[in-house]
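Quick notes on the structure that follows.
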Amino acid sequence: MLRAGVTNRPDHEARRITVVAGGTAVGLLSGLVGVGGGFLIVPALVLLAGVPMASAVGTSLAVITLNSFTGFAKYLRVLDAQGLDLDWPVLLAVAAVASSAALPATVSGGACLRRRCAGPSACCLS
């Protein structure tokens, strides 16, 4: 293990098999149904592997980011092969607005979003 002080215990092998089986089940389900496995892999990491919730969510977000960049790179090659191009000014403007909106939410710990979105979300849920 990567953590200091963790020793090999007999139950590690059973946990490893459980985690591999859970990951295989999530992969098969997401491949067959065509849905993202993020909503399944987070509970699997928490319940089967004993990963803390924040680490499981972070792992899922890292995988989503890598998949998104891979798809974007492939899409750029397809467009280039067809002689097309993206509207880069619009793409960069949307990215700038999204990033600038995410920064205050990150700094405040999401308090500004909870304050501003409490009304609309409460209306939608009732």
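The values are calculated or read from the model by the stated rules, or taken from the named source; none is laboratory data. In this text, all values refer to a predicted model and were calculated from it rather than measured experimentally. Note: ideal-geometry Cβ built from the backbone for every residue, glycine included; neighbour counts use all protein chains shown.
Structural remarks
- The residues on offer are LEU76, LEU86, and the sole one that is assigned to a helix (DSSP H, G or I) and of a type outside the set (Phe, Trp, Tyr) is LEU76.
- Reported count of residues in the stretch 40-97, each being within 30 Å of THR18 (Cβ to Cβ) and touching a helix residue (DSSP H, G or I) at 6+ places or on another chain (Cβ under 9 Å), is 22.
- Among residues that are in a helix (DSSP H, G or I) and under 20 Å from the mean Cα position of the chain (by Cα), THR18 is not included.
- Cβ pairs under 8 Å, 6+ apart, first in the stretch 94-121 and modelled with pLDDT of 75 or more, second among the hydrophobic types (A, V, I, L, M, F, W, C): PRO104/CYS112
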